[in-house]
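Notes to accompany the following structure.
The values are calculated or read from the model by the stated rules, or taken from the named source; none is laboratory data. Remember, predicted model here, so these are calculated numbers, not experimental data. So basically every Cβ, Gly included, is an ideal-geometry build from the backbone, and we count neighbours across all protein chains shown. Surface accessibility is based on the protein's heavy atoms, side chains included, excluding ligands, DNA and RNA. Shrake-Rupley method; radii C 1.70, N 1.55, O 1.52, S 1.80 Å.
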Amino acid sequence: MMLRAENDRRFSLGHARIIITGLQAPSDGVFRIVREGYAAANLGRRGWQVQEEKLSPVEIRQEGADTILVIGPRLTRHLEPGPLVFLLPAADLEASLFWPDDIDVFDGELPPEPMLPREPDVAPKPPAPAAAPIPQAPMPAPAEVPSLPASAENSSRVPFLVGIGLLLLVAIAGAVWWFSAAAPPAPTPAPIATPAPPAPAERPWLERSDGMNLRDLVQSAPDVAAIHAAALRRQAAGRHDDALVLFEEAGERGHGPALTAVARLYDPIGFVAGRPFRAPDPRAAARYYREAAQKGDATAQAPRAALKTWLEEQARAGNGTAETALREFWP
């Protein structure tokens, strides 16, 4: 099975087609393009990046024994001549693809891609209704004791006097016992409650983010500026791959300083190998500097101007890639 790429004149400037000989076109044309030996090895709609991204062709069709995948200028503008790896999961295909140097590059502005909707905030639960008071039943009135008739009162006078005498004897005996009994023990004092120690204050989110994985960090970040700040912390700690992913995430959300940070990673001026890229990419740096300037980041102006001067020197020395970058990003 052979693969090759060439211009596709059936579409506007910047379209190319990938021809796969001896393959029946699958119903799903989702594909990936990878360059080996780079930290940002996966092609995305915004350029080379660390995380994998599934790409969709402009068109997929069958021509005889060949499958044709057409890709547009949003992807071809990031491809430079050299070896690549092409993956087509629906056909279980992973093969080498050499990108030629005669593919046309579209230098104009591309329409912006629609932003993905954010997850809606969860509405707070309504408070539970207060319980209705339980009505209290009225207490019944005490029953009246009927009085004895006069004849019964006279006939019971003697037992009544006897009862009074018995009550006096009981009272005298109780008084004697009361005064002869020992004094009651003193009450035991109640223990003094010791206040609980105060709970330790929760650390700020930025400090807690150091131990989070990237998915939890992005989901729990209070805003896009917090993602950029977390990226700077990981960059300072030497976690350069993590920092790149977080810079790209903040840049995708329109944060200008994060776009400038990504551009500096690609910039050949001051480039440091392994942080995280193996080699600089002046074309990618120019693109990110321009996006950062369009988002209003004033810190992008000086390094962007310095990169332009560097590219002009390279173009005068015969560097075709430098000439293309100047035409595309400084019209």
Flag if Arg46 is over 17 Å from Glu63 (Cα atoms) and of a type in the set (Lys, Arg): yes
Members of region 299-315 found to be under 27 Å from the mean Cα position of the chain (by Cα) and more than 12 Å from Val262 (Cβ to Cβ), listed by number: Thr299
Which listed residue, of Arg275, Arg283, is under 14 Å from Trp330 (Cα atoms) and either of a type outside the set (Val, Ile, Thr) or loosely packed, with under 14 Cβ neighbours inside 10 Å (or both): Arg283
Residue check, Phe98 open to solvent by 20 Å² or more (accessible area, probe 1.4 Å), among the aromatic types (Phe, Trp, Tyr) and either in a strand (DSSP E or B) or farther than 19 Å from Gly22 by Cβ (or both): yes
Qualifying residue in region 200-220 (condition: modelled with pLDDT under 65 and either among the β-branched types (Val, Ile, Thr) or not in a helix (DSSP H, G or I) (or both)): no
Test: residue in region 24-32 that is in a loop (DSSP other than H, G, I, E, B) and in contact with an Asp or Glu (Cβ under 7 Å, 6 or more places away or on another chain): no
Pairs where the first residue, in region 280-298, is touching a residue at least 60 places away in the same chain (Cβ under 8 Å) and the second is crowded, with 17+ Cβ neighbours inside 10 Å and hydroxyl-bearing (Ser, Thr, Tyr), C-beta under 6 Å, 6+ apart: Asp281/Tyr266; Ala284/Tyr266
Residue within region 8-19 that is farther than 25 Å from Glu328 by Cβ and assigned to a strand (DSSP E or B) present: yes
Close pairs (9 angstrom Cβ cut-off, 6 or more residues apart or separate chains): under 15 Å from Ala65 (Cβ atoms) and in contact (Cβ under 8 Å) with a residue 12 or more places away in the chain in region 20-35, among the charged types (D, E, K, R) and open to solvent by less than 50 Å² (accessible area, probe 1.4 Å) anywhere: Ile20/Asp66; Thr21/Asp66; Gly22/Asp66; Leu23/Asp66; Ala25/Arg61; Ala25/Asp66
Members of region 81-95 that are within 12 Å of Ile33 (Cβ to Cβ) and under 33 Å from the mean Cα position of the chain (by Cα): Leu84, Val85, Phe86, Leu87, Leu88, Glu94
Selection from region 1-60 of residues that are closer than 26 Å to Pro280 by Cα, surrounded by fewer than 16 Cβ atoms within 10 Å (Cβ to Cβ) and of a type in the set (D, E, K, R): Glu36, Arg45, Glu52, Glu53, Lys54
Among (1) at pLDDT below 90; (2) aliphatic (A, V, I, L, M); (3) within 21 Å of Ile103 (Cα to Cα); (4) within 25 Å of the chain's Cα centre (by Cα), the one test that Leu13 misses: (4)
Flag for Ala325 being open to solvent by 20 Å² or more (accessible area, probe 1.4 Å) and either modelled with pLDDT of 95 or more or out of contact with any His (no Cβ under 6 Å at 6 or more places or on another chain) (or both): no
Matching residues, region 33-60, being over 24 Å from the mean Cα position of the chain (by Cα) and outside any loop (DSSP other than H, G, I, E, B): Ile33, Val34, Glu59, Ile60
